[in-house]
Every structure is written in C-alpha cells, then in structure tokens.
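Reviewing the structure listed below.
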C-alpha cells in the first residue's frame with residue numbers, strides 16, 4: 001500500500017512515500033523528483049593502480065602444442081616501442097588462434113600492467129567486454145553507470161594509459177574494432193580472427209596453419225590421457241586441425257574407443273561425428289558448428305556456399321579457378337572466392353589456384369551429395385578443356401578424389417560422362433585404373449540411359465579397347481561383339497554406326513592375334529559399307545583401314561607371302577583417304593602408321609622411317625609437340641629409330657628434346673625416370 005500525506009497550509013508540502021512526488025498545500029503546483037544518487041569521489045578519477053586479479057585468460061593455453069615460429073613472430077612484433085601495436089592472428093576456424101593467443105599472453109603477462117581478454121565476435125560482445133573491464137577497474141561503478149557509460153569509461157582509461165595488453169578474440173570484421181584501435185593508442189592489441197583480409201592500415205596479420213603431424217599426435221595423446229598408438233593415421237585424416245584432433249581425442253576417451261574406431265565412425269557418420277562435443281564441452285566448439293557460423297555470415301553471398309560445397313568433392317589442393325567459371329558471371333564467381341578467402345575458408349595462391357582444408361571439405365560433404373553431381377559436371381567440362389600432360393594429370397587428381405567420395409550407387413549422367421572421360425585420359429597413365437573408371441562409367445550409363453543407348457555403347461567400346469591394351473583380348477572381343485549386336489538391333493544394318501562397330505571389333509581381333517578372321521570380317525564390312533555409304537565415306541575408309549591392319553599383321557608373321565601386297569594395298573588406301581578426308585584425318589593417320597610397319601616388314605627401313613616422321617608431323621600439327629598423344633608417338637618413334645631402323649644418331653636427336661619435354665610436363669616422376677633409364681645407353685653412346 002502506498003503511503004500518503006496532506007499539506008497543512010498554503011504552500012506547504014506534503015511528502016508521500018519516497019518523495020517521488022511533492023504537492024503544495026493549495027494544490028496549485030505539482031512536481032516530480034527523481035531519486036538522488038551520490039557518486040563516490042573515486043568515480044571522478046581513474047584508479048592510480050590497476051587492481052590485482054584482472055587477468056582473465058582462458059584455460060585453453062593448457063592445450064598448447066608447438067607454434068614456436070608464431071610465438072617468436074609475436075615476441076618480435078610486440079617488442080616495438082611507441083604508438084599502438086596491433087597483431088591480427090588469422091586462420092581457419094578451429095586452427096588454434098585462441099589457444100595461441102592465450103599461450104602467448106600468459107607467457108608475457110609480467111610485461112604488462114594490465115592483461116585483459118575480451119570476446120569480440122560481435123560489436124555487442126566487444127562493448128560488453130569493455131564495460132566489464134571498467135567494472136573490474138572500478139567495481140563501485142557497477143550499479144551506478146549504464147553499460148554504455150561503462151564502455152566509454154573503459155575506452156577513456158585505455159586511451160589515458162600505457163603498458164596494457166588487450167586480447168580481442170574472434171573478431172568478425174576489422175571495422176568492428178577500428179574505432180577502438182584509433183582511440184586507445186598507448187597499448188597493445190592482440191586480435192584473433194577468421195578474416196584473412198581487410199587489416200591493411202589497421203593491424204599486422206599473422207597467418208596460422210595446421211599443426212605438424214607429430215604435434216597433432218601429441219595433442220591427441222594429451223587430451224585422451226595416454227599414448228594412442230593408432231592416433232597418427234586419424235590425425236592425418238583430420239588434416240592436423242587442432243579443434244578436430246581435440247574433439248576426436250575427447251570423444252575417444254569418453255567412449256572408450258580407439259583412434260581407428262573413431263576414424264571408422266567418421267567415415268560412416270561424418271555429420272554426426274563432426275557435431276559431437278565431449279561431455280561438459282561446448283556444443284559451440286565443434287568442427288561442424290564453428291564453420292556453420294562462418295557460412296551463416298556468408299549467407300548474403302549465396303554463391304560462396306555453392307563454391308565451397310562444390311570444391312568439397314575435389315582434391316584439396318591445386319584447384320584452378322577456371323573449373324568454377326560456369327557457376328556464374330566472372331564478377332559473381334570472383335566475389336564468392338574473395339569472400340571465402342577473406343573468412344579463411346579457402347586459400348588463394350600466387351599461381352591462381354585455390355586450396356581448402358580437407359576437413360572443411362568433409363564437413364561440407366557431410367551435408368549430403370546434392371553438390372556431388374554439380375562437381376562432377378564442372379569437372380567434366382574442365383576435362384574437355386584440359387590439354388597437355390600437366391593439366392591432365394592435375395585434372396585426374398580431382399577426378400580420383402570425387403570418385404573416392406561419391407557413392408557409385410548415386411552416379412547419374414554427370415558421373416557417367418566424367419568417368420568415361422577420365423577412363424580415356426587415364427589410359428595414357430595407369431591402364432588398370434582406366435579400366436576401373438570405365439567400368440564405373442558403364443554401370444552409370446546402363447542405369448541412366450539403358451544398355452543399348454548410344455552413349456552406353458560408346459563407353460563399352462572404350463572399355464573394350466583398354467582391355468585390349470592389357471591383353472585381356474577375350475573380354476575386349478566379347479564387349480565389342482555385344483556392341484555390334486546392340487547397334488544392329490537399335491539402328492539397323494545400313495547405319496554408319498553399325499559399320500563403325502564392326503570396324504572396332506575387327507581392329508581388336510587383329511590385336512587378339514586373330515588376323516585371318518579379322519581380314520575376312522573387315523573385307524566384308526568394308527565392301528558392304530562401300531555399297532551402302534559410298535567409297536569415300538569415313539566409315540567405309542575406316543573399315544578398309546582395319547582390313548589393311550589385318551593384312552599388315554599377316555605380313556609381320558609371313559613377310560614373304562604378304563609384305564608386298566600389304567604395302568601396295570595400304571599405299572593405295574592412304575592416297576584415297578588423304579584425297580577424301582585430308583592428310584591429318586584420323587583414318588589417314590591410321591593408314592600411315594599401318595604402312596610404316598608394312599614397309600618395315602618388307603625390309604624398307606628407310607621408307608618406314610620417313611613415313612613414321614610424316615606421322616609425327618601430322619600428330620604435331622593436330623595437337624602440338626607436347627600433348628600427351630604427340631609425346632607418346634615421339635617416344636615410339638625414338639624407339640623405332642633406335643631398335644628397328646638401327647639409326648642411333650637420329651634416335652638421339654629425337655630423344656634429347658623428347659625427354660626434356662616429358663620432364664617439363666611431368667617433373668621428376670617414375671615414368672620420366674624410367675624413360676631416362678631406358679634411353680641412357682643411347683645418350684651415353
């Protein structure tokens with residue numbers, strides 16, 4: 001109940017309650033009076049000495065491992081005198097920025113009058129931390145000044161004093177702290193942030209990378225509470241990211257499982273494991289949560305998320321920007337890449353390539369395979385443009401990564417195209433791997449398009465040719481016989497594709513050692529093609545080229561009987577093909593190389609070498625001297641000159657620039673070392 005009072009005379013005052021209201025006796029004047037506060041005298045001046053116990057560094061310094069280089073750089077930076085010194089430690093979320101800052105600040109606490117830690121993820125967090133600093137400095141102000149006034153009080157204290165260190169943890173944007181840094185110019189600031197850019201003129205950035213493998217393994221053992229013999233492999237799988245290693249070790253300790261068992265769970269249930277925090281730990285400090293916060297900040301640039309979730313399916317390093325061009329206009333793609341790099345989600349390199357931590361990729365992939373198909377399509381388009389051994393080798397690295405991440409059962413048309421192209425390219429490098437890729441492409445093609453679709457039949461044909469390369473001739477012939485049957489069933493006997501399918505089968509029969517069978521089959525196929533399609537049709541000429549190849553194989557086995565006939569017939573067909581299709585057409589080149597061996601079988605080594613040189617010139621005109629097919633042809637030519645034509649001087653002239661071109665494109669690889677060893681006797685002669 002509110003107390004009341006009445007005035008006893010004119011102009012007298014009646015006071016009620018806490019004197020929040022005063023009324024004159026005649027009621028002519030009303031007045032509201034606020035409760036009066038008496039500020040202590042200390043509030044009007046800063047304390048002469050900093051109170052004890054103000055240092056509030058987090059306990060994470062206890063998990064510190066390694067980082068000698070970064071600690072030394074911080075020591076060097078903060079030894080500077082005069083003016084404000086600001087260091088911004090930046091890097092991927094979970095990479096250990098907070099732990100590094102806490103360890104360094106703890107080790108240097110004696111050098112500063114005041115060491116204070118402020119979480120500064122948002123401007124509101126920073127303001128709250130500054131207000132708390134003011135209260136820590138002058139506790140009597142806690143219930144006297146507003147939070148805004150307390151913040152201002154702290155900034156004024158910092159501006160008026162020297163010899164302090166303020167750690168601003170997890171700053172989101174340089175603009176959030178710029179005003180504070182400008183006003184408080186007498187001390188030291190150590191900032192941790194995921195922002196890699198925007199610090200020019202504000203702070204000196206220091207990039208933080210992952211731990212060394214030995215350091216990551218030591219961290220795992222320390223958190224788990226013992227020596228984990230199998231931790232090294234898991235730490236490598238986790239990319240030596242401190243937060244991920246710590247999270248995994250704590251989980252293993254609580255669940256009573258080994259590092260290998262954790263790795264198995266991670267492979268099967270990545271989304272759940274990346275989000276799992278230890279009991280008593282913060283759910284905010286998990287791998288999944290840390291990067292989800294960053295992606296949320298990039299929501300105003302949706303393409304940034306698309307880029308990250310796409311590159312998650314490729315190899316982590318050496319990602320060309322050109323692979324991402326189809327995702328949007330050049331400004332849009334550039335802006336997405338810029339923002340991802342600015343927030344340390346990817347790294348940009350001087351050669352223009354991108355890289356992304358493998359664990360960032362794993363978390364992005366754990367959201368589902370929605371972007372796997374897009375990654376496959378972009379990679380397929382990039383593969384069509386990848387020319388030269390170096391470009392193809394890098395492209396195949398990304399292809400293999402996607403093949404290992406994406407489940408074959410989820411393959412669609414995009415993957416069928418991609419693995420088909422990969423199988424064709426890999427044929428030059430690892431033939432057995434080529435077979436694996438083409439098998440996967442064929443399975444996808446049969447599921448997506450059906451067993452008799454033209455694209456499916458093409459993949460089957462390519463697979464057959466690679467089986468021929470490894471001399472699994474029965475399987476190669478069986479696949480091509482199935483193709484002939486399916487082409488006939490779908491397109492009818494007069495379609496050019498049917499003649500081409502029979503030609504492919506006849507060529508494989510030659511490689512299988514069934515030359516007489518191939519000769520008869522090719523003659524029938526070529527004769528029928530000539531009647532249906534015409535003498536100069538490409539399918540007709542290719543059918544005759546298969547016939548010439550079979551005749552040449554018979555000449556190799558029995559030169560006295562077949563060599564002269566093979567040379568004459570192949571020369572006539574070559575003239576006919578050049579006239580109809582040009583000197584550099586596929587069929588002209590097929591016939592040219594067939595004639596090389598027919599002349600060799602006939603004993604005309606000089607003529608064979610001259611024609612082989614024409615073949616090399618044709619390859620160079622079409623593809624350039626350093627394209628993979630051209631390099632392989634030049635390698636075979638050098639061997640031909642050395643071992644077959646018995647012309648070591650000319651072979652040496654070819655081999656010297658050839659080996660230089662191989663090394664320029666592939667580097668010091670086993671293949672190049674093998675070539676150098678093979679040609680060493682020739683070069684030493």
If all Cα-Cα distances of segment 570-649 are sorted into 10 Å bins from 0 onward, what percent lands in each bin, rounded to whole numbers?
20, 49, 28, 2
How far apart, in nm, are two points set 7 Å out from the Cα along the Cα-to-Cβ line at residue 493 and at residue 109?
9.5 nm
Residue-span extension gain [residue 49 to residue 385] - 0.36 nm each, minus C-alpha spacing:
114.0 nm
At a 10 angstrom cut-off on C-beta neighbours, averaged per residue, how do the peptides 476-485, 528-537 rank from highest to lowest?
476-485, 528-537
Beta bridges by DSSP in the chain, antiparallel share as percent, to the nearest 5
35 percent
Calculated from DSSP H runs of 4 or more alone, at -39500 (n - 2.57) each and per residue, what is the 222 nm mean residue ellipticity of the chain, nearest 500?
-19000 deg cm²/dmol
For segment 298-368, what class follows from the C-alpha gyration tensor (a ≥ b ≥ c being the square roots of its eigenvalues): rounded when a/c is under 1.5, otherwise prolate if a/b is larger than b/c, else oblate?
rounded
Between the Cα axis of helix 259-268 and the main Cα principal axis of the chain, the angle (0 to 90°, nearest 10) is 70 degrees
For segment 461-550, convex hull of alpha carbons as volume per residue, Å³
74 Å³
Against the 2.2 N^0.38 Å scaling, with N counting residues, where does segment 610-685 land? I'd like the Cα-based Rg ratio to two decimal places.
1.04
Given 25 °C and 0.890 mPa s, compute D for the chain with the Stokes-Einstein relation, Rh being the Kirkwood radius over Cα pairs; round to the nearest whole µm²/s.
78 µm²/s
How do 570, 669 line up, fewest other C-beta atoms within 10 Å first?
669, 570
Taking the chain as the reference, fit the longest principal axis to its C-alpha atoms, fit the long axis of helix 330-342 to the helix C-alpha atoms, and give the angle between the two in degrees, 0 to 90, nearest 10.
50 degrees
Nearest 10 degrees is fine. How inclined is helix 454-469 to the longest principal axis of the chain, computing both from alpha carbons?
70 degrees
Fewest-first ordering of 429, 419 by Cβ atoms within 10 Å yields 429, 419
Determine the principal axes of the Cα atoms in segment 256-401, then give the extent along each, sorted from largest to smallest and rounded to whole angstroms.
52, 34, 28
Which of the peptides 114-121, 210-217 is most tightly packed, and how do the rest follow, judged by the mean count of other Cβ atoms within 10 Å per residue?
114-121, 210-217
How would you rank 465, 200, 643, going from fewest to most other Cβ atoms within 10 Å of each one's own Cβ?
200, 643, 465
Based on the Cβ-Cβ distance from residue 617 to residue 213, what FRET efficiency comes out when R0 is 35 Å, to the nearest 0.05?
0.10
Where only C-alpha atoms are counted, convex hull volume of segment 427-478 per residue in Å³
64 Å³
Let a ≥ b ≥ c be the square roots of the eigenvalues of the Cα gyration tensor of segment 347-393; is it rounded (a/c under 1.5), or, if not, prolate (a/b larger than b/c) or oblate?
oblate
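Taken together, the values in this text are just the output of simple stated rules run on the coordinates, not laboratory data. Just so it is clear, the model here is predicted, and its values are computed rather than measured. Cβ coordinates were reconstructed from backbone atoms using ideal geometry, including for glycine residues, and neighbour counts include every protein chain displayed.
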